[in-house]
Every structure is written in C-alpha cells, then in structure tokens.
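The values are calculated or read from the model by the stated rules, or taken from the named source; none is laboratory data. Just so it is clear, the model here is predicted, and its values are computed rather than measured. Every residue, glycine as well, gets a Cβ built from its backbone with ideal geometry; the counts of neighbours run over all protein chains shown.
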C-alpha cells in the first residue's frame, strides 16, 4: 500500500462531494474538482441555488459514502468508452474533447460515481477522514467571464473530529486576523471596487510600507547590492526580444503612443539587463547585484484578486544578479543566508520549505541548457545543507526557480522568497548581454532573478495576519501614543511628543475630549505598542506613566528610562 498524502485525501474528498451533491439534488452537472493547499473544491451547474444551509445534508451524505469504505478504482479507457461513462455530463464531455488524440484517458470509479482524472487517490474512502464544507461561491466555466457562472463549493478535511475541531478553531482565528478587516479597522489602506487590484495606502499603512523598504535597503547595502530604477513603460520591441510578448502578453497592460505599442512592465528583469548593457563590462565587474523596488502591473483576472495579497499593481523587493557560471553557487548561498536573516527579524520559523521548479511546457531555450540550470540550483542547495522537493513544470518560461515557504503564527505556509536562474535573457538570441572575460573575449553572463519578501503588498498582508495587526515596535505605524488626562497636561504632552519624535519615534498625542478610559481603550484597539499617560502630577515630578501593549502597566518612570527601553526593544 502506497503512502496516503493529504493531497490524495483532499482530491478524493472532492470526488465524494461531487457524488454526494448528485445524490442529494436533481439535474446536477459537474465540471472540475481539484485539491488545493488548504482543502478542495468542486464546480457544479444545477437548478438549485446552493447555500450554507445545504451543507449539513451534503456533509451527511459524504459521511455515509465514506463509511461505505468503497475502493477508488483506476482504469485507462478509450475515448469512446470514456464518453459512454460520462454520458449526459456536458462539461465533462467538453473536457474530454480537449484531450489530444492518442493520449491515455484515465478514469477513477468509486461506487457508482465515475470521474475522468489522472489521480492519484486513496485506496478506500475511509482513508479520507472527516469532511467539512466551508463556503459556496460563483465561478465562471473555464475561468472565462463570458461563459456560464457555475457554483463552487469549498471544503476541508481532517483525519478525525479532534483534528477537524482544531482546524475550525484556527479558521476562526484566521477570520479575526483577516488583513482586509484589520486593514480597515487600523486605517492602513482601502481597496476601491472601481479600480480592482490597486491599493490605496493611508498614512498609517504607508508608514509600514516605507519602514519595510528602508529595512530592506539596509540589508541590501550590507550584501553588496546597488539600487536602480527603470521605466514603468517599455516598448513592445524590448518585450519581444525578452520573450515576454510571446509568453506573457495576456498578463500585460498594453498602451499605444505615436503608433507604437508599449507595455506597463509586469516585471523588472529586462530593465536590469538594459542597465548592464549601457557600457562595456569586465569579468572583474561580476557579480553585479542590481536591486530595484520597481512598480509592476499584471493584468490578473478580477476573480483571482484577494485583498492586498493578490493585486494588479505592486512593488517587489526585486534584484537581478548578473554573474558568471562559476559564481552561481556562492550567489545562491549568499541569497539563502539573506533570506534566513530577514525572516528571523520578522519572527518566522527558520525551517523553510524549499521547492525546485523545473522546465514548463511553455519555455524558451533548449532542454540541455535548462537541465544545466536546474542542476546548478540543486547543487547550490545541497552545498548549503538544504533539502528540497521538485515541482515539475512550474518554472518561469525563461528558467528554473527555487521557492522558499515560511510558516506564520497560524501554521500556514506562504511562498515569499524566490530565486530564478536564467541563461536565456542575457543570451545572444534574447537581450544579448556581454562582458569581457579574463581571456579578452566576449561572453554572455547568467542572471539570477531574486526576491526576498516578494510583493511588498502581499508581504504586508501576511504580516498583518501573522501579527494580528499588533506589529512589533520597529514596524508599528504609531509606536507611542500620549494620553493627557486633561487640558492642563496638554503642553507637557506636546513636550514629551517632541522629545520622542526628535529621537526618531512615531508618536501621536490624543488631544480629544474623551475621558482617559476611552483614550486607553482606543489606543488598545488600535494596537499601539506603548501608551504614555500624563497629568499635572507627572509634569511636576518630571516623569511619565507608561502602559505597554505586551506587559501592561509599567508605572511611572523618567523619560530617559523610557527612551532606553524603546532603544533596547528596537535593537531586539
């Protein structure tokens, strides 16, 4: 018996859910139902409008089917036999027509339900465990808004009820931490439905954004990077030479001026090579590490957008390392060290999961060069004592990549860091970047595309949920709030504010007419790390009364002592 993975269990649960919906309702057409990283879903077309009120009876039918413990039986069939097995299922028959002639058609049968599917699946239905349905949403057939809207049911699985209870508790906590809700409550940003996928940053949110950029700039300087900036609009001719026009055009925003086509850049890499090519380079100039906080735009389908975690306009902490083949291993190792250093500063577990994504079907360059690039990344990981898994066919069209996953406070995985090894863009066939080697001859470098945080928008969304909006002192948009107990202490509050601001801290004074209790509650709800309460007695004693978000009431202290505490916390 082979190992039963979570993906197999989720995929098998999707099949049983489709079967259950067909058993519970009439005239059900099914489309697709894959496993996801968190659970599974299935798309349906039926006269009944599904709602959460339907979930208990569907779940009861799924539980009954699981209890039957029927086998999942795989069979390779002919096209005609598959068509007979799927008779009456319009969407499935259309999917069947997409399969090239001569290709094997794999089916899985469980009880009286048959599905055209590559698998793999569990051997028996009891191996699935416990199933819980979570929500229903609309989904266009084949993801095309011109097609019919189907009904998509999402579900999750657990090995037993105790594990399911823990998953549901974590899900409730995730709702409380949802970055979209906290972004509004903490006045960080807003999203306009008239401008989908674009973030409007408010002063408090922009403070986090700028602090994050400044933090990364300090790291980059230490690691030998030079910061550059390239145009947001670049001509079609450049994108054609880079290969993006042929392989990525559907995701590009295109405009015309003076009878020429331009694209808003979806990525920064061609610009980095144009800077490299602007003058003659020597092997002594390599590696050249060019960093750019470049604003990119990608024409993502509106249905895939999600808060600030998946947007159309974003900035990456992007960099391109132009080097020789001999320098690849050390540069990848250097990048891995930078990743660990940065992620530890945000409190993420250092046990990152690493994935090596290999050549996709839609790629440029010959297979031999691709294999050389994949081997180089693998060797760099092994040399640094890092284990990895293979993601077949998931590389970029120009090169293989490493993906690094971090785990947040709710034990959820997020893929942030990436590094891609690219022989294609610098080549003579593409952007023709060259340097003079030690032999006096011209050579083409290789290029490493890399990001530590990835999209700053997405990373801030992850941080909001990781910290539940309670940012550490160094990152908090408002680090200290001063609460005068009456107008008599207003001048003293401003004096303390000026001293803290002069020391470089982000500080505000609550000069509202609210009572002290209300001011404290407001600062607490807004998750300000420190509150300072001042009154006439504090002024007379030349002291302040301090409340900490983490440690509660700290009592009275001198301003110098408080500044020392802040400095120590900032360093840690």
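The table that follows gives values for the structure above.
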item: Verdict on residue 372 being part of a helix (DSSP H, G or I), assigned by TED's automatic domain parsing to the domain that holds residue 395, over 19 Å from residue 424 (Cα atoms) and out of contact with any helix residue (DSSP H, G or I) (no Cβ under 7 Å at 6 or more places or on another chain); result: no
item: Residue 362 within 18 Å of the chain's Cα centre (by Cα), in contact (Cβ under 8 Å) with a residue 40 or more places away in the chain and either part of a loop (DSSP other than H, G, I, E, B) or farther than 19 Å from residue 413 by Cα (or both); result: no
item: Options 355, 412; residue that is out of contact with any helix residue (DSSP H, G or I) (no Cβ under 9 Å at 6 or more places or on another chain) and closer than 30 Å to residue 167 by Cβ; result: 355
item: Tally, over region 143-196, of residues that are assigned to a loop (DSSP other than H, G, I, E, B), out of contact with any helix residue (DSSP H, G or I) (no Cβ under 9 Å at 6 or more places or on another chain) and within 30 Å of residue 46 (Cα to Cα); result: 3
item: Failed criterion for residue 495 (all others in (1) touching a residue at least 12 places away in the same chain (Cβ under 8 Å); (2) closer than 19 Å to residue 561 by Cα hold); result: (1)
item: Region 268-299 - residue that is part of a strand (DSSP E or B) and either outside the structural domain of residue 329 (by TED's automatic domain parsing) or under 25 Å from residue 329 (Cα atoms) (or both) and, of those, farthest from the chain's Cα centre (by Cα); result: 282
item: Residue list for region 387-409, restricted to those being touching a helix residue (DSSP H, G or I) at 6+ places or on another chain (Cβ under 9 Å) and either outside any strand (DSSP E or B) or outside the structural domain of residue 375 (by TED's automatic domain parsing) (or both); result: 387, 388, 395, 397, 398, 400, 408, 409
item: Residue that is in contact with a helix residue (DSSP H, G or I) (Cβ under 9 Å, 6 or more places away or on another chain) and more than 23 Å from residue 207 (Cα to Cα), where the choices are 508, 514; result: 514
item: Counted residues, region 253-287 - those being under 23 Å from residue 423 (Cβ atoms) and touching a strand residue (DSSP E or B) at 6+ places or on another chain (Cβ under 8 Å); result: 18
item: Any hit, region 22-30, residues being closer than 19 Å to residue 140 by Cβ, in the same structural domain as residue 119 (by TED's automatic domain parsing), part of a loop (DSSP other than H, G, I, E, B) and touching a strand residue (DSSP E or B) at 6+ places or on another chain (Cβ under 9 Å); result: yes
item: Matching residues in region 93-119 - criterion: being assigned to a loop (DSSP other than H, G, I, E, B), in contact with a strand residue (DSSP E or B) (Cβ under 8 Å, 6 or more places away or on another chain) and either under 30 Å from residue 303 (Cα atoms) or modelled with pLDDT of 95 or more (or both); result: 99, 117, 118, 119
item: Residue ranges of helices (runs of 4 or more DSSP H) in region 466-572 with at least 2 members surrounded by fewer than 20 Cβ atoms within 10 Å (Cβ to Cβ) and within 32 Å of the chain's Cα centre (by Cα); result: 516-525, 559-571
item: Subset of region 300-345 that is in a loop (DSSP other than H, G, I, E, B) and modelled with pLDDT of 95 or more - its residue that is surrounded by the fewest Cβ atoms within 10 Å (Cβ to Cβ); result: 324
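To keep it simple, each residue is scored yes or no on (1) modelled with pLDDT of 95 or more; (2) not assigned by TED's automatic domain parsing to the domain that holds residue 426.
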| site | (1), (2) |
| --- | --- |
| 225 | yes, no |
| 236 | yes, yes |
| 243 | no, yes |
| 247 | no, yes |
| 254 | yes, yes |
| 260 | yes, yes |
